[in-house]
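I have placed the structure first, in the form of structure tokens, so that the comments after it can refer back to it.
Only the coordinates and a few stated rules stand behind these numbers; no lab work does. Keep in mind it's a predicted model, so treat the numbers as computed, not measured. For neighbour counting, all protein chains shown are included, and Cβ atoms are generated from backbone atoms with ideal geometry for every residue, glycine included.
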Amino acid sequence: MAAEPAPTDNAIPDRVGRIRFMDQQRVNLDGFAHEDVSLGLVALHSPADPEPSLRIEHGVVVEMDSRPAADFDVIDAMIARHGIDLGVAAEAMALDDVALARMLVDATVPRAEIVRLVAGTTPAKLARVMALLRPAELTMAMTKMRARRTPSNQAHVTNRLDDPLLLAADAATAAAYGFRELETTVPVLADAPSNAVAVTVGAAVASPGVLVQCSVEEAMELEMGMRGLVSYAETVSIYGTEAVFVDGDDTPYSKAILAAAYASRGVKMRVSSGAGSEVLMGGAERCSMLYLESRCVSLARAMGVQGVQNGGIDGASVAGSVPCGVRELMAENVMVMARNLESCSGNDALMSESDVRRTSRTLPILLAGSDYVCSGFGSIQRYDNMFGPSQWNAEDIDDWLVMQRDWGVDGGLRTADVYEVGRLRRRAAEATRDVYRWLGLADFTDDHVERAVDAVGSKDLGDPDPMVVLGAAQAIRSSGLGSLQVARALQECGYDEEASRVLDMLAARVHGDHLQTAAIFNESMQVLSLVTDPNDYAGPGTGYDPAPRRQAEIDAIRQARGVEDLRADQAQWANESLRVVGPAAQGGHPQEVVIGLSPAVGRTVWQTLSGLSVLDVLRELLAGLEEESCQARVVRVNSTLDLGMIGLTAARLAGSGIGIGLQGKGTALIHRRDLPPLANLELYSMAPVITPALYRLLGSNAGRHAKGATPVPARNPYTDEAIEARYHTSVVALVALERACVDRRLGNEDLEVRL
């Protein structure tokens, strides 16, 4: 056979199987880019970033970041006039960058001192300082610098049909899980007023004090805010270059006026920015993402808004595509905190299709704590998120709750009682149906209510008429209906508590306490903010630590199981099939094989980890021995729960010198009387995946050993699932049941088995 020709220099060699396998992993669905300064694809440092500088003459900034006042663009002008504390500027700008960076992570330097100094820094100065912080240092800085002591979280509540009953049910669910802000939006702009009403009703069903937003075009959003249909806004976008601002038909001044309009009506408001937006819009001006975002944060301070939603937001995947991009996303959040603003720290737009990358981007913020760890956790199904898939969605809620529990930190959520979730969903859907009917907006059927209550997502609703929602929304808008009318409708329909909660939110807007920086309401309608709940972290033993009641909430995930739970489960399988007939003695038949059982089998343990009952396992072992024409005897070994010693004890009692050891959890082995305890003949260690056929084979092989025949090699079954984490806690509980039954005084007992 002729040899194959060697590849030419131009031939592309085939990739080996390991590389082909790696190419198929989800991380390779992400986009990755080389740094490209010309496009602004650079995270922390660009040659085009200006040198930090600040010159002041007669109380006026005449140069900022190497640009004279005559060349200021509109962003520079606003920052220079309103965004820098000139009283501290000379001191702050004179500080060495490294010195200021070290102050951020030094627990002995109070947060207030950092805030005082950062107020006097320019955008370029602050960006350089943040770029010095390594990932662990960013986590330390965030722990100290967030405004509010108590962390919180925000949810997206949307669906692709804008269905009001499903929106209300999902809003109630989100509030039950602990989200204190709910943000909705629409696939159809005209549906917005209906969505706002539905989410408001659903939130009021589950909890007092939940803030609601409907993210749409700014004029409509402001109109809904003035009617009381929403209680906060955050999608007021700002940018780091003038060209991108102009492309959006805005200026910093128009945005500042809009912010003032919201505040004047008692609507909480923050702005949105985030690295990558200027790159996406082709206006990065060759600058680094961190520097441009520093301009945005400085601008937010100048505008007088409560806070900033940043951390990439819609551009998160762009920032994440370049080296140090994820580090830059977190640095953005710390800049907001250092400017003494509320931080809504991203983790909303999906940055990656890789679960590992998603977690690595979010985990440091979860550990450090933020005013809002996520600015839009998709509490609904990923496909129903009309903002686009979130970094975290309904599919991930249990993972999030477990991560909180793993680290003992507060990520803003709690485990909701499964039956309470059902009750709240039903009440929210029924309340929304009744309110829409009473207001003459729409008439939903009982079947629609049932579907919304049970729905995982909008695909479970069938195909409702979209004109119903559109008609309701148009009626809301044209009639001038507001939250006062919604509250009255709730009361007229018998939902007094929910009506009171809607009215309380309207009253809170008159008081205005929630306009403080980083303000949320707790479930007692108390305002937690920079003023009333300031972050007081000053090193170990200080700052926020969950109170015992809150820690209990964090710890109490519904999946947690204890010995008593397992005992109750096992008790359901209990029966009279195993009966003690007397002490076990040495057997004499040369083909006798003894099956040794662990102490709890037939007492407190009746089901193995594979789901097979102990009797099912014994049936297969006995059948295997019968196939080899061997005698079988079943003995309970009461002196130990160690499988090796159980099997060895059985072998020493058997006339053949061959024994089978079986633990309650299903682990099994074949032993011989002359071997050390750990040197067994065959071992089935993977109890959760052992099948009846394998147990029968184990019995057959024990019989062949007893006869001196050649056994068929048995192999532990293969599985590509990681079973250890799934079963180890059950193993601990099973071992506890076994240990409680160990009693050397009972010796070894012969058992009668009734199959």
- State the Cα centre-to-centre distance between region 682-755 and region 163-186 in whole Å. 48 Å
- Note on the structure: Going residue by residue through region 549-566, the Karplus relation 6.51 cos²θ - 1.76 cosθ + 1.60 with θ = phi - 60° gives ³J(HN,Hα) values, rounded to whole Hz and with x marking Gly or Pro, of 5, 5, 4, 5, 4, 4, 6, 8, 6, 5, 7, 5, 10, x, 4, 5, 4, 5
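Using R₀ = 56 Å, calculate the FRET efficiency as 1/(1 + (r/R₀)^6) where r is the Cβ-Cβ separation of ARG726 and THR532; round to 0.05.
The calculated FRET efficiency here is 0.80.
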- Note on the structure: If R0 = 60 Å, then ALA693 and ALA260, at their Cβ-Cβ distance, give a FRET efficiency to the nearest 0.05 of 0.20
- Item | Geometric extent, Cα atoms of the chain - Rg, Dmax (angstrom) | 33.1, 110
- Query: Taking N as the number of residues in region 565-753, what is its Cα Rg relative to 2.2 N^0.38 Å?
  - Reply: 0.94
- Task: Have a look at SER272, ALA112, HIS156 and report the one farthest towards the positive end of the charge dipole of the chain, computed about the Cα centre with Cβ charges (Lys/Arg +1, Asp/Glu -1).
- Result: ALA112
- Determine the principal axes of the Cα atoms in region 168-309, then give the extent along each, sorted from largest to smallest and rounded to whole angstroms. 49, 28, 28
- With label points set 7 Å from each Cα along the Cα-to-Cβ direction at ALA547 and ASP96, the distance between them in nm comes to 4.5 nm
- Message: Could you check the spin-label model distance between GLU627 and ALA679? Points 7 Å from the Cα along Cα→Cβ, value in nm.
- Response: 2.9 nm
- Task: Straight distance only, please: which lysines reach the Cα of LYS255 with their own Cα at less than 28 Å, same-chain residues fewer than 8 apart left out?
- Result: LYS125, LYS268
- Item | Fully extended contour minus Cα-Cα distance, from ASP460 to GLU137, at 0.36 nm per residue | 111.7 nm
- Query: Quick one: length gained pulling GLU576 to GLU217 fully straight, 0.36 nm per residue minus the C-alpha distance?
  - Reply: 122.2 nm
- Under 14 Å from the Cα of LYS707, which aspartates and glutamates turn up, not counting those fewer than eight places away in the same chain? GLU592, GLU626, GLU627, GLU628
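Return the percentage of antiparallel bridges among DSSP beta bridges fully within the chain, rounded to the nearest 5 %.
So the antiparallel bridges in the chain amount to around 45 percent.
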- Item | Full-extension gain in nm, ASP446 to GLU523, via 0.36 nm per residue minus C-alpha separation | 24.6 nm
- Item | Separation of the ASP73 and GLU285 label points, Cα + 7 Å toward Cβ, nm | 0.3 nm
- Message: Skipping prolines and chain starts, which residues have an amide H placed within reach, meaning under 5 Å, of the one on GLU342, given they are 5 or more residues away or on another chain?
- Response: GLY307, VAL308, ALA518
- Considering only region 565-753, percent of DSSP beta bridges that pair antiparallel, nearest 5: 60 percent
- Message: What's the ranking of 549-561, 264-276, 457-469 by average number of surrounding C-beta atoms within 10 Å, highest first?
- Response: 264-276, 457-469, 549-561
- Along the positive direction of the dipole of region 479-590 (beta-carbon charges: Lys, Arg +1; Asp, Glu -1; about the Cα centre), which of HIS589, GLY562, LEU481 reaches farthest? HIS589
- Along region 571-586, what does the Karplus equation 6.51 cos²θ - 1.76 cosθ + 1.60 (θ = phi - 60°) give for ³J(HN,Hα), rounded to whole Hz, x for Gly and Pro? 4, 5, 9, 4, 7, 9, 7, 10, 10, 6, 10, x, x, 8, 10, 5
- In region 501-543, which residues have a backbone nitrogen under 16 Å from the label point lying 7 Å from ALA107's Cα in the Cα-to-Cβ direction? 536-543
- Message: Could you tell me the center-to-center distance, by alpha carbons, between region 126-146 and region 262-316 in angstrom?
- Response: 18 Å
- Starting from the Cα of HIS511, step 7 Å toward the Cβ, then list every residue of region 191-212 with an amide N under 16 Å from that point. 208-211
